[in-house]
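Structure, as structure tokens:
Values quoted throughout were computed directly from the atomic coordinates according to the rules given, and no laboratory measurement underlies them. Since we're looking at a predicted model, the values are computed, not measured. FYI the Cβ positions are ideal-geometry reconstructions off the backbone, even for glycines, and counts take in every protein chain you see.
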Amino acid sequence: MTACGLSIRVLTRTLLRSEKQWASRFCVGVTLAIAGVSWLRHRLWGWRLAVAIIAIQVLSNVVHILLGRAVEGLIGGIVAGALLFYLLRPTVHAAFKG
């Protein structure tokens, strides 16, 4: 196999991998956009979706810490934890009960 053939093979694999990541990132972006719009309209299901998304982020940060990426996990955990704390306050939740 020539160097050109090898580089085309690597490029093809890289493009296919990034295409799969693009699709998943697009789905996450759409979900976040829906959560944001429903949040601005004070919909209860938007509040629930936002709480679920932030709770998943908190769990993700715990995994980062356990995998040895402590700085990344701690910074993300502090931010996500503060957001979750804010979302779960009774006054914020009451604003979405309508």
| task | Rank these for me by crowding, Ser24, Ser60, going from fewest to most other beta carbons within 10 Å. | result | Ser24, Ser60
| For Thr31, Thr91, what's the fewest-to-most ordering of other Cβ within 10 Å of each Cβ? | Thr91, Thr31
| task | Compute the distance in nm between two label points, each set 7 Å from the Cα along the Cα-to-Cβ direction, one at Arg43 and one at Arg25. | result | 2.6 nm
| What spacing in nm lies between the two simple spin-label points modelled at Leu32 and Ala70, each 7 Å away from Cα in the Cβ direction? | 2.8 nm
